[in-house]
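The block underneath contains the structure these notes are about, expressed in structure tokens.
Each value in this text was obtained by applying a stated rule to the coordinates, not by laboratory testing. Quick caveat, the model's predicted, so the values are computed rather than measured. Cβ placement follows ideal geometry from the backbone for every residue including glycine, while neighbour counts extend to all protein chains displayed.
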Amino acid sequence: MSGNVSPDQGFALQYDEPIERALTGIEKLLKARYTFSKRMIALLLLQEEAEIIKMAQLREASFPQIFAIIQNTRSKYKDPLRYVITLQRQEKANDILSQVISDSKKTTRLQSVLDRITIQPLTGIPILLVVLYYGLYKFVGQFGAGTLVDLIEGNLFEIYINPWVNQFVAKTIPWHALQTLLAFDYGIITLGLRYAVAIILPIVGTFFLAFSLLEDSGYLPRLALLVDRLFKKIGLNGRAVIPMTLGFGCDTMATLVSRTLETKRERVIATLLLALAIPCSAQLGVMIGLLSGRPLALATWAGFVILVFLLVGYLAAKIIPGEMPAFYMELPPLRLPRISNILEKTISRMQWYFLEIVPFFILASVLIWAGNITGIFDAIINGTAPLMQALGLPTEAAEVFLFGFFRRDYGAAGLYDLQKGGVLSGVQLVVASVTLTLFVPCIAQFAIMIKERGWKTALAIAGFIFPFAFLCGYILNLILSLLGVVL
């Protein structure tokens, strides 16, 4: 469409008057030979394609005049020329389609109303809160992390599987070291598989189900438009809502998806925020499940983490140099989700969970077992006792952060055990939850950060997050203690 088309081939796409005048002026100044038509080169120059700009600088003696035309044309629009040209192409394409295609499924009045209210802040934010309340709090937090976990972990594993495994291993295996590898406190079956299957699996399953429903309904692109203005304050735009939302499923996968963001600056900021303040589905579900019985504690945890997310994003946007790209996104129609699509996506993601995540839980159990029998485990816990004391936490909480070093959701499952054992008060539970949420990225996410952002950036992010997480925990504990808050 953007090329110069002769009359016998169809038509030449006409842009508005300032762009057409600029194209004509640039075409007259182009003297070198190019593979594409002069109109195509002029369009690419107007859109400031980096390679074409470099090529023209080398080949065209009149490049200063060409650049002056580009700057003059740019000044006539409030949006970047790339966006303006793309929008005009889309309008022409829609006009052509309307002449040759009739849609039997006309947009209903209800769809039009829903389209409008989901992207307007006045109505869109309450809708988002309703989605979060019923989708995350009620379905994932209370049903997944509460009802299902109690059923599988509380009844199946604690009453039947773990006692039977402990008894069987004690009778059949004479070596104590091998016994503790498979069973008892840190065994692969009694700890690693229990965490993976009994605590994390039902939470991940309910989250993936809720996420697939939102995805299939067409709501997520509208959420991107809704948060675009807010995200611009933290150096991102609405498009970043996709990796951020995926981060609530798996931060590792979301870090990979961040490559779709336009600029290096955006990708670095998104990676930092994913590693710092976006809990994965399992961790999020456990946190909501732990705190759902204490609404004030849940609100404190969520509010503090959101505040950290916005503050760090705002400061990163100020410190990290770079240009903010324009944001535009095509909105798919809202529709009733298809059950077949939801089930297919959920099952696919559950398969990914088993293949990718369960081995990490088993590996973590082996490493913890090795650290326990060599004494390294106890030495680390004793060494971090002053740090736990500074956070107002009992020494046993050090195990949670040690678990979280391997995987943050593994640490969240350890926090679940402490809370169930009555070790933590309400304030301690919130402080531990906040610190663990902001804790260093898991091994898998750190490996992807190295692959996507490089060693220097990945180490810089991890080096910032580790002390920052404990500093935030210390500040939160200090504030709650000084105010005498009881959660």
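Measuring gaps between exposed loop sites in the chain (chymotrypsin sites (Phe, Trp or Tyr not before Pro); DSSP loop; at most 15 other Cβ atoms within 10 Å), the longest gap, sites not included, is 176-487. Pairs exceeding 25 Å between alpha-carbon atoms, taken from Lys138/Lys345; Lys78/Lys456; Lys28/Lys76; Lys78/Lys233: Lys78/Lys456.
Since only Trp455, Tyr134, Val358 are under comparison, the one whose Cα sits farthest along the positive direction of the charge dipole of region 122-483, derived from C-beta charges on Lys, Arg, Asp and Glu, is Trp455. Summarising the label geometry, the points placed 7 Å from Cα in the beta-carbon direction at Thr147 and Ile53 lie 5.7 nm from one another. Compute the angle between helix 397-406 and the longest alpha-carbon principal axis of the chain, please, reported from 0 to 90 degrees and rounded to the nearest 10. Computed tilt is about 40 degrees. Axis of helix 219-233 versus longest Cα principal axis of the chain: the two differ by about 90°, to the nearest ten degrees. With the charge dipole of the chain set up from +1 on Lys and Arg Cβ and -1 on Asp and Glu Cβ about the Cα centre, the Cα lying farthest toward the positive end among the listed residues Gly383, Leu334, Val434 is that of Leu334. Neighbours of Gly154, meaning other residues whose beta-carbon lies under 14 angstrom from its beta-carbon, give a summed charge of -2 when Lys and Arg score +1 and Asp and Glu score -1. Across the chain, C-alpha contacts under 8 Å between residues 6 or more apart give a mean separation that, scaled by the residue count, equals a relative contact order of 14 percent. Here the calculated FRET efficiency for Val100 and Asp16, from their Cβ-Cβ distance with R0 = 22 Å, stands at 0.40, rounded to the nearest 0.05. Model label points for Lys76 and Glu323, set 7 angstrom from Cα along the Cα-to-Cβ axis, are 2.0 nm apart. In whole Å, what is the distance between the alpha-carbon centres of region 388-436 and region 224-273? For region 388-436 versus region 224-273, the Cα centre distance is 28 Å. Charge dipole of region 7-100 (Cα centre as origin; +1 on each Lys and Arg Cβ, -1 on each Asp and Glu Cβ, all else neutral): 340 debye, rounded to the nearest 20.
Using a cutoff of 8 angstrom between alpha carbon atoms and counting only pairs six or more residues apart, the relative contact order for region 111-214 works out to 31 percent. Counting only Cβ charges, +1 for Lys and Arg and -1 for Asp and Glu, the dipole size of region 199-251 around its Cα centre is about 320 debye. Around Leu209, with a cut-off of 14 angstrom between Cβ atoms, what is the net charge of the other residues, counting Lys and Arg +1 and Asp and Glu -1? Spelling it out: positives minus negatives among the neighbours equals +1. Other residues with beta-carbon under 14 Å from the beta-carbon of Leu261 carry, at +1 per Lys or Arg and -1 per Asp or Glu, a net charge of +2. Charge dipole (Cα centre; +1 on Lys/Arg Cβ, -1 on Asp/Glu Cβ; no other charges) of region 122-483 amounts to roughly 880 debye. Taking 7 Å steps out from each Cα toward its Cβ at Lys456 and Ser340 produces label points 5.2 nm apart.
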